[in-house]
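Trainee: Right, I'll just put the structure down here and ask away after.
The values are calculated or read from the model by the stated rules, or taken from the named source; none is laboratory data. In this text, all values refer to a predicted model and were calculated from it rather than measured experimentally. Note that we place each Cβ from the backbone using ideal geometry, even for glycine, and neighbour counts take in every protein chain shown. Quick note on the areas: whole protein, heavy atoms, side chains included, nothing else; ligands and nucleic acids left out. Shrake-Rupley method; radii C 1.70, N 1.55, O 1.52, S 1.80 Å.
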Amino acid sequence: STGEVINASDQQLPLPAAPTMTPAFLYYHCSTHNSINNAGGAVASSPPVSNSSSAVGKLSLDVRQPPVYCPDGSMLCLIYESSSAQLAGSPTGSLSVLVVRTSTGESCFTLNRCDASGVPLYDVHKATFSPKGTFLVTWSRPLTAKGSSAGSVSVPNNMHIWHLATGNLMSSYTQKTFKADTIQWLEDESYCFRLVTNEVHVLVVSSFETEVKDADNGFPVESKVFHKGVTHYKVSPCAVAGSIGVAVFEPEHGGKPGRVSLYDYSFVKKAASGPHCSRTIFGASEAALLWNSTGTSLLIHSHSDVDNSNASYYGSTGLYIMRRGSDESSIVDQSKEGPIHDVKWSPIGDKFVVNAGTMPCHSTLFNDKGEAVFQFGAAHRNTICWAPHGRFLCLAGFGNLAGEMDFYDVLRLKKMGSNISHCSTSFEWSPDSRYFMTATLAPRMNVDNGFKIFKYNGVGPVLQRNLDRAFDCCWRPALTGVYPNRGPSPKRTPPTSTSTTTTAAAAPTAAVSVAYRPPRSTGNVDHFGLRGESQAVVGKVGAASGKPSSAAPPAAAAPVKYAAPGKQRVIPGMPPPASTASKTPVVKKAAQPPQPPPPQVVVASKPPAVSAEKAAPAVAEEAPIDKEKRCKALKKKLKQVEEIKAKVAEGKEIDQDQKRKLENEAAILAELKELS
């Protein structure tokens with residue numbers, strides 16, 4: 001608990017104490033070897049204050065997989081290589097599982113190649129915790145006996161559920177592939193869900209306290225959600241009105257389009273009903289199902305490997321929204337055409353952010369109904385990361401982009417700051433929402449490994465550590481409510497004293513050398529349109545029109561390569577200069593000496609009376625033409641008013657523009673009467 005190194009041979013790990021109101025914790029492991037084998041690790045405490053802060057402990061285990069924290073941060077699971085526990089005939093070396101308590105560093109669960117009952121487990125490659133940390137799910141690659149056909153030999157179960165307090169095997173299944181949502185739990189761990197062929201099984205967990213007698217059959221199946229062709233499902237995080245939502249996805253197959261269906265499972269009736277709402281998605285080979293934290297809205301981020309319009313080499317994407325209690329679904333409209341790079345719900349569940357469009361893409365804030373609320377503008381961004389409390393937001397451009405980051409206060413819809421972190425492959429907010437971590441990890445990047453920690457407003461890095469080879473970097477998680485939801489800290493104003501002010505006033509002002517800027521230049525390089533980010537609209541979005549309420553920037557005039565005499569050249573990307581044609585010639589004439597008029601002007605001049613006589617009829621002829629056009633336009637408006645009245649008589653709804661035309665009928669008649 002104090003961070004001191006405990007005897008590594010006893011497999012007790014040095015970890016920080018339980019989280020308090022001030023610090024968060026960071027865990028990373030690294031190695032100088034060429035692979036993750038024999039990787040050690042270190043534990044560091046925060047908040048970080050300087051680059052000289054050191055780790056409080058080290059791990060002396062041959063870690064094979066990235067460590068996994070329990071959701072509340074109370075336990076840590078390590079999969080490491082152990083040569084002492086081997087079965088006869090097994091390959092050299094084996095993987096063992098160790099679960100330790102982060103508050104004391106002592107071991108609470110150990111799993112070797114054979115459990116107490118002699119059940120072969122083989123090498124464990126994946127492990128996850130249940131929401132409360134009561135159960136541990138382990139998965140091994142499925143194996144068959146050598147020299148035997150798969151039909152003659154029964155394949156042993158390769159996915160197991162263990163009770164951590166007692167070490168008993170609760171359930172075991174056969175699972176070919178492992179995903180993060182293979183087994184999904186309710187928050188209270190009373191039920192869990194498992195996907196099988198064409199079905200989603202609802203398993204009862206609360207009826208068993210510590211042990212299941214028949215582990216091969218596992219938890220009893222209370223009900224089933226049947227949907228033919230389902231390959232992916234997602235359970236809503238919490239129950240609404242005694243029922244929970246189950247969304248299933250069926251990809252396109254054999255010319256049949258993909259489909260997402262929404263079912264309800266009632267805890268009272270203990271049965272599933274539906275589908276209550278379905279959405280057909282053409283050309284959807286994959287889909288991410290994203291529930292909000294309240295379980296009332298579902299986002300569908302679909303993807304197809306082939307774009308039938310040939311607009312993109314990387315396929316096509318789509319975004320749809322469905323709401324529980326409604327049989328309708330809608331498309332989430334985007335302000336710019338192009339692929340959808342990322343979409344994330346707020347941890348509160350009342351809003352979400354979308355990065356969409358060709359680069360530089362638009363970042364837009366939507367409410368839970370799918371209506372646009374705020375535009376963050378255009379930038380080269382493809383990553384959205386919410387702080388755990390849902391107030392701060394980071395919009396970044398990682399991966400193949402430069403690593404630029406923008407930090408926003410979503411409550412005030414205000415940008416707090418920006419920074420950059422090149423070649424970042426991993427990123428995460430601290431559980432207290434006060435720090436943001438980026439890391440460069442192997443094997444994605446085998447050079448310049450390490451991590452950086454920034455403040456919530458982009459200031460930093462306040463801590464930077466370069467490592468020879470790093471494989472994982474993460475914060476120690478904490479439950480909601482452990483750390484308070486704090487807003488931005490007020491800026492500190494330096495104290496001013498009378499003596500300092502007097503001395504500064506008496507000192508002579510020295511000339512400050514600044515960089516040269518051409519006339520009418522603002523100093524912003526992006527104004528020249530090199531990246532196209534300054535032309536996007538930033539501001540709130542109107543509810544009726546769906547467009548930003550702030551005025552759009554003026555369109556730049558066409559560039560002039562050779563300007564005419566007396567005209568200024570227009571710079572591409574900058575607003576056109578003010579007209580000074582009337583002032584410039586006057587100044588030049590006053591400065592030049594008087595010159596006699598050229599003889600051509602005297603010869604070509606005509607009596608003013610003749611010019612007046614010719615100009616007068618032209619003015620008289622234009623008046624009737626303008627009057628006739630105006631009467632024609634007014635009669636056209638009256639015809640539109642009559643059509644709107646007919647719609648109202650039929651009981652049809654009209655929009656705001658049509659209502660405005662009806663209100664202007666009297667004014668149109670009066671003007672038409674005056675002209676006639």
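Trainee: Across segment 389-430, what is the number of residues that are outside any strand (DSSP E or B), within 18 Å of Trp345 (Cβ to Cβ) and touching a strand residue (DSSP E or B) at 6+ places or on another chain (Cβ under 6 Å)?
Mentor: Selection size over segment 389-430: 2.
Trainee: Assuming Thr364 fulfils every condition listed in (1) open to solvent by less than 10 Å² (accessible area, probe 1.4 Å); (2) among the polar types (S, T, N, Q); (3) part of a loop (DSSP other than H, G, I, E, B) apart from one, which condition is it?
Mentor: (3) is the only condition that Thr364 fails.
Trainee: Can we say Glu428 is without any contact (Cβ under 8 Å) to a residue 40 or more places away in the chain and under 30 Å from Ser335 (Cβ atoms)?
Mentor: Working: without any contact (Cβ under 8 Å) to a residue 40 or more places away in the chain: no; under 30 Å from Ser335 (Cβ atoms): yes.
No; evaluated as a whole, the condition is false for this residue.
Trainee: What number of residues within segment 255-277 are closer than 26 Å to Ile340 by Cα and surrounded by fewer than 15 Cβ atoms within 10 Å (Cβ to Cβ)?
Mentor: Residues that pass the stated criteria total 3.
Trainee: Here's another thing I want to ask about it. Can you pull out the residues in segment 391-413 that are in contact with a Phe, Trp or Tyr (Cβ under 8 Å, 6 or more places away or on another chain) and farther than 13 Å from Tyr456 by Cα? Explain how you work it out, then say what you get.
Mentor: Filtering segment 391-413 for residues in contact with a Phe, Trp or Tyr (Cβ under 8 Å, 6 or more places away or on another chain) gives 392-396, 398, 405-410, 413.
Those that are in contact with a Phe, Trp or Tyr (Cβ under 8 Å, 6 or more places away or on another chain) and farther than 13 Å from Tyr456 by Cα: Ala396, Phe398, Leu413.
Trainee: Quickly run through segment 435-477 and pick out the residues that are in a loop (DSSP other than H, G, I, E, B), aliphatic (A, V, I, L, M) and buried (at least 20 other Cβ atoms within 10 Å of the Cβ). Don't jump to the end; show me each part of the working.
Mentor: The initial filter retains those residues of segment 435-477 that are in a loop (DSSP other than H, G, I, E, B), namely 441-449, 456-462, 467-469, 476-477.
Filter again for aliphatic (A, V, I, L, M), leaving 441-442, 445, 447, 459, 462, 467.
Leu441, Ala442, Leu467 - these are the residues of segment 435-477 that are in a loop (DSSP other than H, G, I, E, B), aliphatic (A, V, I, L, M) and buried (at least 20 other Cβ atoms within 10 Å of the Cβ).
Trainee: Same structure, new question: Please enumerate the residues belonging to segment 153-206 that are of a type in the set (A, V, I, L, M, F, W, C) and in a loop (DSSP other than H, G, I, E, B).
Mentor: Result: Val153, Val155, Leu164, Ala165, Phe178, Ala180, Leu186, Val205.
Trainee: On to the next question. When you scan segment 308-345, how many residues do you find that are open to solvent by 60 Å² or more (accessible area, probe 1.4 Å) and aromatic (Phe, Trp, Tyr)?
Mentor: Of the residues in segment 308-345, 2 are open to solvent by 60 Å² or more (accessible area, probe 1.4 Å) and aromatic (Phe, Trp, Tyr).
Trainee: Here is a list: Ala150, Ala145. Which entry is more than 28 Å from Leu76 (Cβ to Cβ), open to solvent by less than 50 Å² (accessible area, probe 1.4 Å) and at pLDDT below 85?
Mentor: Of the residues listed, the single one that is more than 28 Å from Leu76 (Cβ to Cβ), open to solvent by less than 50 Å² (accessible area, probe 1.4 Å) and at pLDDT below 85 is Ala145.
Trainee: Also: Under the condition of being in a loop (DSSP other than H, G, I, E, B) and either among the aliphatic types (A, V, I, L, M) or farther than 25 Å from Asp72 by Cα (or both), which residue from segment 88-111 is modelled with the highest pLDDT?
Mentor: The selected residue is Gly93.
Trainee: Tell me the residue from Val212, Val225, Val246, Val200 that is at pLDDT 85 or above, among the aliphatic types (A, V, I, L, M), buried (at least 17 other Cβ atoms within 10 Å of the Cβ) and more than 20 Å from Arg323 (Cα to Cα), please.
Mentor: Being at pLDDT 85 or above, among the aliphatic types (A, V, I, L, M), buried (at least 17 other Cβ atoms within 10 Å of the Cβ) and more than 20 Å from Arg323 (Cα to Cα) holds for just one of Val212, Val225, Val246, Val200, which is Val200.
Trainee: Output the number of residues of segment 169-197 satisfying the condition of being buried (at least 20 other Cβ atoms within 10 Å of the Cβ), within 16 Å of Gly245 (Cβ to Cβ) and in contact with a Cys (Cβ under 9 Å, 6 or more places away or on another chain).
Mentor: Final tally of qualifying residues: 2.
Trainee: Also, quick follow-up: If you check Phe352 against the conditions, is it within 30 Å of Val482 (Cα to Cα), assigned to a strand (DSSP E or B), open to solvent by less than 10 Å² (accessible area, probe 1.4 Å) and without any contact (Cβ under 8 Å) to a residue 40 or more places away in the chain?
Mentor: no
Trainee: Here's a follow-up. Quick one: is Leu401 open to solvent by 60 Å² or more (accessible area, probe 1.4 Å) and modelled with pLDDT of 90 or more?
Mentor: no
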